[in-house]
Amino acid sequence: MEETSLTNNGTPLGQGIEIPQDTDGERTEFDDQNGVPQERKEFVAPAVGMEFESYDDAYNYYICYAKEVGFCVRVKNSWFKRSSREKYGAVLCCSSQGFKRIKDVNRIRKETRTGCPAMIRMRLVDSKRWRILEVTLEHNHLLGAKIHKSVKKMGIGTKRKLQTSSDAEVRTIKLYRALVIDGGGNENSNSNVREIRDFSDHYPNQLNLKKCDIQAIYNYLCRMQLTNPNFFYLMDFSDEGQVKNMFWADARSRAAGGYFGDVIFFDNTYLTNRYEIPLVAFVGINHHGQSMLLGCGLVSGETTESYVWLLKAWSTCMSGLFPQTIITDRCKFLQRAIAETFPNSHHRFCLSHIMRKVPEKLGGLRNYDTIKKALTKAVYEALKPFDFEAAWGFMIQRFGVGDHEWLQSLYEDRTRWAPVYLKDIFFAGMASVRPCETLNAFFDRYVHKQTPLKEFLDKYELALQKKYKEEAVSDMESRNSTLTLKTRCSFEMQLSKVYTREIFKKFQLEVEEMYSCFSTTQLHIDGPVVIFLVKERVLGEGNRREIRDYEVLYNRAAAEVRCICSCFNFNGYLCRHALCVLNFNGVEEIPSKYILSRWKKDYKRWYVPDQESSEVDGTDRVQWFNQLYRSALQVVEEGAISLDHYKVALEAFEESLNRVHDVEEKPEE
């Protein structure tokens with residue numbers, strides 16, 4: 001990380017600059033605007049959420065803080081990875097923490113430990129930075145004057161950093177100031193750092209836009225209106241005329257919403273992770289299983305009001321559409337907004353986001369690896385609610401983590417994220433119910449924390465063009481390539497003719513894995529309903545073979561088959577267990593209800609989105625325009641696949657235009 005310059009531009013407004021002086025160990029503060037000495041201020045205390053580029057940077061910062069307050073530091077605990085011996089966690093504490101060991105009681109050395117609780121717990125997080133996860137500032141003993149030593153075995157690199165203490169202090173202070181801006185800082189601080197963020201306490205109802213941002217937005221909107229006829233945008237203004245929130249979607253995103261708006265991922269991770277741009281993205285899954293952008297927004301803050309406005313703007317853009325399922329991060333404001341805006345939608349939390357936070361939330365616990373393994377087993381392997389409850393209770397009791405706040409909140413919300421409670425909800429492959437599955441941000445490769453808005457708007461169009469090209473290539477491959485069959489199963493042949501290439505490959509894997517299911521037997525008969533037990537050999541922990549039982553309900557009269565693994569609702573195609581039961585009962589073709597149109601090669605060709613009725617209002621010209629545009633857009637998308645497609649589409653448009661010109665108005669009767 002670049003060091004923050006000790007100038008007016010490099011320091012948060014209103015903060016004094018601390019410059020260490022060697023004379024008598026004292027430090028004088030100067031106002032960063034005019035250099036006039038100020039009254040002494042305390043060194044900013046550590047706070048949860050602060051991040052550092054390395055362990056040594058975090059350690060040096062705490063040493064500086066300890067010197068200022070007047071206590072010594074020692075390393076209480078450290079955690080290392082078994083394979084690489086890389087450090088990934090640590091607890092730094094006051095040297096007075098703990099008590100003398102029993103065997104040392106009779107030694108002459110004076111007792112200095114008082115059981116002091118002061119400490120910080122930190123961990124290496126996904127961003128490869130060290131983040132402070134827990135802080136205790138209170139001491140239970142008198143604090144001394146300036147202390148210039150700490151209790152720690154220093155490596156060569158650390159010694160080199162600390163050889164010139166004043167340089168180290170300046171560097172650490174600089175580093176901390178940069179990190180306050182990056183990570184949000186201390187929520188209790190009176191500094192103006194948070195004013196730099198869009199989530200300001202002083203300006204909660206407006207976007208924090210720079211002059212260059214406003215110009216970039218204006219240029220982008222003008223360009224889109226000229227080149228993208230069905231481009232849509234809305235702005236939300238405060239009473240003072242300031243922009244509070246903004247939403248936009250281009251023509252293809254609007255069309256995609258009509259096709260694939262049944263399940264959406266509302267991605268607000270750019271907000272929760274404190275990116276430079278307060279971006280929110282609506283993301284869906286197309287018929288190839290690829291992510292599709294369904295709209296974007298900028299919001300003034302993480303508030304229920306902002307989220308309600310944004311969700312309503314998206315629904316307006318999509319002609320009143322509301323999703324069947326909406327997946328989000330865990331956020332109480334967003335939860336309230338969705339309940340108000342889409343009361344009939346299934347709102348669920350993103351499981352992959354939750355599991356991604358496990359190292360951060362639980363990393364400092366004893367037996368972390370074992371706890372993580374127990375949690376993973378409970379989440380991904382439980383087939384019934386009873387199994388989940390039992391596994392969760394065992395984990396809580398065995399490791400004594402019943403009072404862990406994060407685990408408690410997870411358990412309270414379990415019906416919104418644990419797969420075992422979500423089996424009746426359709427996710428179109430976005431449920432991430434396996435450890436290897438994850439929902440990634442749509443702009444993951446295009447946006448980093450410091451990306452300015454102007455640069456993002458340029459990259460936005462590049463990202464969309466790349467996605468559109470990927471879809472066009474996949475369309476061509478699905479229509480023109482011959483799929484290789486790997487079995488003699490009639491189900492494989494049946495769906496190879498209708499599904500897109502990528503979705504068929506996923507289904508084909510289920511067909512292949514039918515051969516790992518070695519037993520299908522009847523468990524219970526209730527009229528036309530029969531419950532079967534399917535046994536499957538799977539690879540368990542340590543690549544050991546395990547046998548798992550799956551119950552499958554089958555109703556021949558209703559052509560219904562449902563497996564307890566709920567693969568169909570999670571992914572949109574039948575699982576190996578259901579296929580085994582169909583095969584056992586002599587069924588040669590998958591019932592039509594289990595062949596979803598949204599996965600078909602020609603889905604866009606025959607489906608006209610948002611066509612609610614064939615009735616046409618004879619006076620509503622807006623309705624005429626919208627319907628004509630949607631129908632024409634299908635021809636445009638098909639015509640962009642290749643040069644031959646383009647020529648045919650252009651001829652069709654010219655012919656249609658001539659026929660329209662030939663229409664003569666009927667004389668009034």
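Conditions (1) at pLDDT 90 or above; (2) surrounded by fewer than 17 Cβ atoms within 10 Å (Cβ to Cβ), marked per residue:
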residue: Ala216; (1), (2): no, no
residue: Pro229; (1), (2): no, yes
residue: Asn245; (1), (2): yes, no
residue: His288; (1), (2): yes, no
residue: Cys296; (1), (2): yes, no
residue: Glu302; (1), (2): no, no
residue: Glu305; (1), (2): yes, no
residue: Leu310; (1), (2): yes, no
residue: Leu321; (1), (2): no, no
Query raised in the report: Would you pick out the residues in region 246-281 that are over 18 Å from Pro452 (Cα atoms) and polar (S, T, N, Q)?
Result: Ser253
Query raised in the report: From Tyr594, Tyr573, Tyr607, Tyr629, which residue is of a type outside the set (D, E, K, R), at pLDDT below 95 and either open to solvent by less than 60 Å² (accessible area, probe 1.4 Å) or more than 34 Å from the chain's Cα centre (by Cα) (or both)?
Result: Tyr629
Requested in this report: Keeping to region 432-488, report how many residues are over 21 Å from the mean Cα position of the chain (by Cα), open to solvent by 90 Å² or more (accessible area, probe 1.4 Å) and not hydroxyl-bearing (Ser, Thr, Tyr).
Outcome: 7
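The values are calculated or read from the model by the stated rules, or taken from the named source; none is laboratory data. Source: prediction; values computed, not measured. Glycine also receives a Cβ, built like all others from the backbone with ideal geometry; neighbour counts cover every protein chain displayed. What goes into the accessible areas is simple: the full protein's heavy atoms, side chains included, and nothing from ligands, DNA or RNA. Shrake-Rupley method; radii C 1.70, N 1.55, O 1.52, S 1.80 Å.
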